[in-house]
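The values are calculated or read from the model by the stated rules, or taken from the named source; none is laboratory data. Fair warning: this is a prediction, and the values are worked out from it, not measured in the lab. Please note: Cβ atoms are built from the backbone with ideal geometry, for glycine as well, and neighbour counts cover all protein chains shown. To get the accessible areas, we keep the full protein, side chains included, count just its heavy atoms, and leave off ligands, DNA and RNA. Shrake-Rupley method; radii C 1.70, N 1.55, O 1.52, S 1.80 Å.
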Amino acid sequence: DAIATWEAMLKKFPGVNAGTYGLADAYVAKGEAGKAIPLYEAILKENPGDAGVKGKLDAVRRGSGG
């Protein structure tokens, strides 16, 4: 399960990293976009210029899931 893998990665390596991106995208793909919002927000806090994540966050907030 991809979500379990990403969660384990974030537990082992906290903070914004590839696991944060992967987990957020996995939640969206699984239809659990609401769980992706705080992850995308954390990414943008660390990387405010990440237009791709900003677009994903906007899409999730609009309900389209990206």
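Across region 24-62, the number of residues qualifying as aliphatic (A, V, I, L, M), surrounded by 20 or more Cβ atoms within 10 Å (Cβ to Cβ) and modelled with pLDDT of 95 or more comes to 9.
Taking first residues from region 40-66 that are over 21 Å from L10 (Cα atoms) and partners that are at pLDDT 95 or above and open to solvent by 70 Å² or more (accessible area, probe 1.4 Å), the Cβ contacts under 6 Å between residues at least 6 apart in sequence or on separate chains come to G66/K56.
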